[in-house]
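The values are calculated or read from the model by the stated rules, or taken from the named source; none is laboratory data. Nothing here was measured: the structure is a model prediction, and the numbers come from that model. Cβ atoms come from the backbone with ideal geometry, glycine included; neighbour counts cover every protein chain shown. Side chains included, ligands, DNA and RNA excluded: accessible areas come from the protein's heavy atoms. Shrake-Rupley method; radii C 1.70, N 1.55, O 1.52, S 1.80 Å.
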Amino acid sequence: MKRIGMLTSGGDCQALNAAMRGVVKSLWYTLGGDQVEIYGFNNGYRGLIYHDYRKFEFRDFSGILTRGGTILGTSRTPFKTIREPDENGLDKVAAMKQTYYNLNLDCLVVLGGNGTHKTAHLLSQEGLNIITLPKTIDNDLYGTDMTFGFQSAVDIAVDCIDCIHTTASSHGRVFIVEVMGHKVGWLTLNAGIAGGADIILIPEIPYDTDKIVDAINLRVKRGSTFTILAVAEGAMSKEKAKMSKKELKEYMEKTKYPSVSYELADELQKRTGQEIRVTVPGHTQRGGTPCAYDRVFASRLGAEAGALIMKGEYGFMVGYKNREIVKVPLDDVAGKLKYVSPDATIIKEAKLLGISFGDE
Ligand code: F6P
């Protein structure tokens, strides 16, 4: 008999349900229905802390391959607060362990991104059997080449840029599409190339506004009537990239702009004389049904998680390296971000295609 707990934590994304279905199916079909019990914790680590869970049946995982969101619900429980007692003095780590032991679980399967992995690692160090699955539209999780949710989000951001393309060409305007991705540029880079953006700005390559102005003016000179910029929500000017954390925080508190795109739009309008518009697809990038790639990918990860549980191998994230599904020790994942390297060949190739990154 295997007693498995599952939770989804942090921002949601597409294919969370597909991944959980994969875990459950692989266990159920290999061990038999009477040999598996599944407990789902509601709303991320909160469910584990406050003993808020449901016992699931096999049929609960039917028909969810294509469903976005998460059937368990999710929440953000910042790692920096995990060791602090809650408002009633409850020790959260002790409470999570208590829930795990009360249910007599063999393993807790945790689906999440960076913050989630820090807590999962902590629980593993505290002696719980943990397996994690890499979810995030940002694709910034260390130890895996790919996270599920990413490809679906790329498709949505590309749809947005495609729509902007037609209106930008009719009006002859400059359009900025602000893409999610937190502190990394994977989503913007891929959506920008796929959507045919002329300028791509990502956090890993701080931009020089003069170079962006030059790129827009060059397009005008060559007869282009419009320009599209794909700008990561975490993109930074060279000046800002030099600021200390404290200086940046003070700057962000003072600025009147809701995000980098609006600030850049104002600057570019003044300096190019062109009409500029900003579009922010925002959370649509995390919504809707998972694309086919993510359905396959998340199902494979889930199935391999089931296989690890059956072998009793714990303390791993099921990841993807060099086109193979692999198990990665949680020690190697937690607390690190996977950035786009400015020297990556994809950047070089994008530049060969004439895309400006605002740096040269
Ligand atoms: O990590 C996924 C993500 O969508 C980031 O791209 C974005 O910065 C953040 O979550 C938004 O968080 P929230 O849903 O809490 O606004």
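Observations on the model:
- DSSP bridge pairs, the chain: antiparallel proportion in percent, nearest 5: 25
- Principal-axis tilt of helix 150-171 within the chain, Cα atoms, nearest 10 degrees: 20
- Cα-centre dipole for the chain with unit charges at Cβ (Lys and Arg positive, Asp and Glu negative), debye to 20: 180
- Rounded to the nearest 10 square angstrom, PHE58 shows an accessible area of 60 square angstrom against a 1.4 Å probe.
- HIS51, HIS121, ranked by accessible area, largest first (probe 1.4 Å): HIS51, HIS121
- Solvent-accessible area per residue in the chain equals 44 Å², computed with a 1.4 angstrom probe and all protein chains kept.
- Probe 1.4 Å, all protein chains present, accessible-area order of CYS160, CYS107, largest first: CYS160, CYS107
- Too-long pairs where the Cα-Cα distance tops 32 Å, listed order kept, from LYS246/LYS321; LYS92/LYS240; LYS211/LYS338: LYS246/LYS321; LYS92/LYS240
- Global geometry of segment 131-275, whether rounded, prolate or oblate, following the gyration tensor of its Cα atoms and the 1.5 cut on a/c: oblate
- C-alpha long axis of helix 92-102 to longest principal axis of the chain, angle in °: 40
- Simple rule: put +1 on each Lys or Arg Cβ and -1 on each Asp or Glu Cβ in segment 1-155, find the dipole, and look at TYR100, GLY33, LEU111; the Cα lying farthest toward the positive end is GLY33.
- For segment 153-286, the relative contact order comes to 35 percent (Cα pairs under 8 Å, sequence separation of at least 6).
- Solvent exposure ordering (accessible area, 1.4 Å, most first) of GLU178, GLU239, GLU275, GLU263: GLU239, GLU275, GLU263, GLU178
- Taking every DSSP helix (H) stretch of at least 4 residues in the chain, weighting each as -39,500 (n - 2.57) and dividing the sum by the residue count yields a mean residue ellipticity at 222 nm of -12500 deg cm²/dmol.
- The chain, accessible surface, carbon-and-sulfur percent (1.4 angstrom probe): 49
- Among TYR314, TYR262, TYR101, the residue with the largest mean-square fluctuation in a Gaussian network model of the chain, with springs joining Cα atoms closer than 10 Å, is TYR101.
- Taking all protein chains as they are arranged and a probe of 1.4 Å, the heavy atoms of ASP214 leave approximately 90 Å² accessible to solvent.
- Taking each residue as 0.36 nm, the span from THR30 to LYS211 lengthens on full extension beyond its C-alpha to C-alpha distance by 59.3 nm.
- Computed from Cα atoms alone, the Kirkwood hydrodynamic radius reported for the chain is 21.6 Å.
- Shape analysis of segment 64-109 places it in the oblate category; the axes a ≥ b ≥ c from the Cα gyration tensor give an a/c of at least 1.5, with a/b not above b/c.
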